[in-house]
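Colleague: Quick one: this structure, given as structure tokens, is what I'll be asking you about.
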Amino acid sequence: MSEKTSGERLDVTIRDDTEGHRYIVEVDGQRAGMAVYHLRGGRHFFVHTEVDSEYEGKGIGKELVRYALDDVREQGGLVVPICPFFAAFIERHPEYDEIVDQQITERINRPEFNE
């Protein structure tokens with residue numbers, strides 16, 4: 001799973017830039033956002049997601065996150081959603097719970113790490 005093109009009105013393409021450690025989303029051939037990750041021990045630690053302001057509210061961020069999670073699942077990997085956008089998406093979509101490394105996520109989310 002390396003690239004996806006879809007969208008009814010917008011031509012959306014998403015790809016994993018493995019050298020840059022990020023998933024990139026393009027709309028009509030222009031970069032529209034990214035999801036940054038660190039890869040450690042077979043786990044994708046998603047640390048930051050951004051979508052350009054002109055594409056906010058159009059579902060581009062959700063499509064980016066869904067693609068990244070599906071790609072990690074297909075690779076047989078696990079995710080640690082440090083980025084609040086990823087964490088919120090997974091909370092609303094429990095079908096991704098199986099690829100979340102719950103133990104590491106819970107350790108990171110302990111109060112002493114967030115003060």
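The values are calculated or read from the model by the stated rules, or taken from the named source; none is laboratory data. Just so it is clear, the structure is predicted and the values come from calculations on it, not from any experiment. Ideal geometry is used to build each Cβ from the backbone, glycine not excepted, and the neighbour counts take in all protein chains shown.
Colleague: Quick check on my filter: what residues within the stretch 34-61 are crowded, with 22+ Cβ neighbours inside 10 Å and of a type outside the set (A, V, I, L, M, F, W, C)?
Modeller: Once the filter is applied, which keeps residues that are crowded, with 22+ Cβ neighbours inside 10 Å and of a type outside the set (A, V, I, L, M, F, W, C), the stretch 34-61 yields TYR37, HIS44, THR49.
Colleague: Okay, moving on. Here's a check for you: in the stretch 1-32, which residue that is in a loop (DSSP other than H, G, I, E, B) and at pLDDT 95 or above is nearest to the chain's Cα centre (by Cα)?
Modeller: HIS21
Colleague: A follow-up question, please. Any residue in the stretch 26-52 that is farther than 16 Å from PHE89 by Cα and in contact (Cβ under 8 Å) with a residue 40 or more places away in the chain sitting within a Cβ distance under 7 Å of a residue that is of a type outside the set (Lys, Arg) and part of a strand (DSSP E or B)? List the pairs, counting only those 6 or more apart or interchain.
Modeller: Note: pairs meeting the criteria are ARG43/LEU78; ARG43/VAL79; ARG43/VAL80.
Colleague: Here is a further query. Please verify whether the stretch 100-112 includes one or more residues that are in a helix (DSSP H, G or I) and either closer than 26 Å to GLU26 by Cα or under 9 Å from the mean Cα position of the chain (by Cα) (or both). Can you show your working first?
Modeller: The first filter runs over the stretch 100-112 and keeps only residues in a helix (DSSP H, G or I), leaving 102-108, 111-112.
Remaining after also requiring either closer than 26 Å to GLU26 by Cα or under 9 Å from the mean Cα position of the chain (by Cα) (or both): none.
Within the stretch 100-112 (the criterion being in a helix (DSSP H, G or I) and either closer than 26 Å to GLU26 by Cα or under 9 Å from the mean Cα position of the chain (by Cα) (or both)), the answer is no, since none of the residues qualifies.
Colleague: Within the stretch 33-62, which residues are in a strand (DSSP E or B) and among the hydroxyl-bearing types (Ser, Thr, Tyr)?
Modeller: So the first thing to find is which residues in the stretch 33-62 are in a strand (DSSP E or B), and the list is 33-40, 43-51.
Result: TYR37, THR49.
Colleague: Looking at VAL25, VAL65, which one is crowded, with 22+ Cβ neighbours inside 10 Å and touching a Leu at 6+ places or on another chain (Cβ under 7 Å)? Please lay out each step first, then the result.
Modeller: On the way: VAL65 fails: touching a Leu at 6+ places or on another chain (Cβ under 7 Å).
Among VAL25, VAL65, only VAL25 is crowded, with 22+ Cβ neighbours inside 10 Å and touching a Leu at 6+ places or on another chain (Cβ under 7 Å).
Colleague: For ILE82, indicate whether it is of a type in the set (Val, Ile, Thr), farther than 21 Å from ARG40 by Cα and surrounded by 13 or more Cβ atoms within 10 Å (Cβ to Cβ). Full working, then the answer.
Modeller: Numbers: of a type in the set (Val, Ile, Thr): yes; farther than 21 Å from ARG40 by Cα: no; surrounded by 13 or more Cβ atoms within 10 Å (Cβ to Cβ): yes.
Against the criterion (of a type in the set (Val, Ile, Thr), farther than 21 Å from ARG40 by Cα and surrounded by 13 or more Cβ atoms within 10 Å (Cβ to Cβ)), ILE82 does not qualify.
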